[in-house]
Each structure stands twice: as structure tokens, then as C-alpha cells.
Amino acid sequence: MELEFDVKIDAAALYDYMLRHTFNSPAGILGSTVGAMGIVAFFMNGAAIYLIMGAVILGYLPVSLWLRAKRQAQNPVFKKPLHYRMTEEGVFVSQGEEEQFQKWEDMFKAVSTPRSLILYTSRINASVFPRKDLGDLQTDVIAMISTHMPPAKVQIKA
């Protein structure tokens, strides 16, 4: 079985990836916990400083990630669509004359968000497949990933 599709990475797709990646990291979880604790502390003792602190901590990260995604989307690499070819051996990605290949066994993990499928090639690098670009191939892409990666590495919800 072989699948081919093109994806266009825009600011929204980058933001979706960054949110998922950041808020599932220890630093993101800690930041969210501290922000939530600040708001809880406000309700427990009424000191406005806790509300302000909690709101700033909870609001800062999503806003900064959106600004970073907008800035990264201006990168020339994201101006043209990426062409993906999934085979039994692995995933080929090409843009223009340049092509890279990643074996299935070298993939780190696969996850999903409501907007994207994310195939991590390392702890921090990933291929992002916006669901809107996959269209009818979405189910086939999920099946291909699930077939070639160990179940413990696949956390995709259809």
C-alpha cells in the first residue's frame, strides 16, 4: 500500500502543533498548574494579585505560541506545499527538488488533535498533517500509521 498527498503548513497548523507539543510537556503542564493554582488562590482568599498572576501565566503561553506560529509561517519553507508519500518502508517528504526519507521504525510517536495528525520524527520534530488537507485520505493515513508503528507509539483519535 502506498499513499500520496500534499499539505500546506500555515500559521493555524503550526499553532495547533505548538499547542499540543507545549501543553503536553512537563513545562507546559507545570505552567498550567501554577496558573490554575493562582486563580484558585484568588477564590480562596480574595487577593487580586493571585487572579492577575494566574491569568497572566495561563494567557501568556497561548499568545506567545500564536505569535511564534505567525512568524514561522512566513518562513519560505512553508510557502509551498509539502508532498508526502507513505510506503511500506517509511515516509518520503519532498518539496521541489529536495526529498527526505524516514523509516517507520525510526518514528518517535504519532498523535492527533482535532485539527491535525502529528507524526513525530524525534522528540521535538514532527510532520504535521492538517486534517483539512487530508480530506478523504485521513482514514487511510491513520491506518497506514497504525499498521507500521507499535500501538504504544500511536495516540490517534479519528
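Read the figures in this text as sums done on the coordinates, not as results from a lab. None of the values given here were measured: they were computed from a predicted structure. Cβ coordinates were reconstructed from backbone atoms using ideal geometry, including for glycine residues, and neighbour counts include every protein chain displayed.
I need to check one value: relative contact order of the range 31-105, counting alpha carbon pairs closer than 8 Å and at least 6 residues apart, in percent.
Numbers: 66 pairs, mean separation 13.0, N = 75.
So the answer I get is 17 percent.
Counting other beta carbons within 10 Å of each Cβ, put 71, 131 in order, fewest first.
Numbers: 71 11, 131 18.
Taking fewest neighbouring Cβ atoms as first place, the list is 71, 131.
Put +1 on the Cβ of each Lys and Arg and -1 on the Cβ of each Asp and Glu in the chain; which of 24, 101, 48 then has its Cα farthest toward the positive end of the dipole?
Looking along the dipole axis, the top candidate is 48.
In terms of modelled amide H atoms, which long-range or inter-chain residues lie less than 5 Å from the amide H of residue 117?
Hits under the 5 Å cutoff: 129, 131.
Determine the sum of side-chain charges near residue 114: Lys and Arg each +1, Asp and Glu each -1, restricted to other residues whose C-beta is under 12 angstrom from that of residue 114. Before the final figure, lay out the partial values.
Values: positive: 20, 115, 131, 132, 157; negative: 16.
Within the 12 Å Cβ shell, the charges total +4.
Check every DSSP H run in the chain and write down those whose alpha carbon atoms cover 20 angstrom or more along the long axis and whose mean Kyte-Doolittle hydropathy is 0.0 or greater.
On the way: long enough: 26-45 (28 Å, 1.39); 48-73 (37 Å, 1.03).
Taking the DSSP H segments of the chain (at least 20 Å long, mean hydropathy at least 0.0), we get 26-45, 48-73.
Gain in length, residue 37 to residue 83, computed as 0.36 nm per residue apart minus the alpha-carbon separation, to one decimal in nm?
Values: separation 46, 0.36 × 46 = 16.56 nm, distance 4.43 nm.
Roughly 12.1 nm would be gained on extension.
Tally Lys and Arg at +1 and Asp and Glu at -1 over the other residues with C-beta under 15 Å from the C-beta of residue 65: what net charge comes out? Write out the running numbers ahead of the final one.
Details: positive: 20, 68, 70, 71, 115; negative: 10, 16.
Once positives and negatives cancel, what remains is +3.
Placing unit charges on C-beta atoms (Lys and Arg positive, Asp and Glu negative, everything else neutral), compute the dipole magnitude of the range 92-158 about its Cα centre in debye, rounded to 20.
500
Go ahead and run the numbers for FRET between residue 1 and residue 99, Cβ-Cβ distance against an R0 of 22 Å, rounding to 0.05. Walk me through the intermediate numbers first.
On the way: r = 20 Å, r/R0 = 0.91.
Working from the Cβ atoms, E equals 0.65.
Give the lysines reachable from residue 157 as a straight Cα distance under 19 Å; neighbours fewer than 8 places away on the same chain don't count.
Qualifying lysines at Cα under 19 Å: 109, 132.
For the chain, with only Lys/Arg (+1) and Asp/Glu (-1) charged at the beta-carbon, what is the dipole magnitude about the Cα centre, in debye rounded to 20? Spell out each step's value before the answer.
Working: 16 positive and 15 negative charges, 167 e Å.
Computed about the Cα centre, the dipole is about 800 debye.
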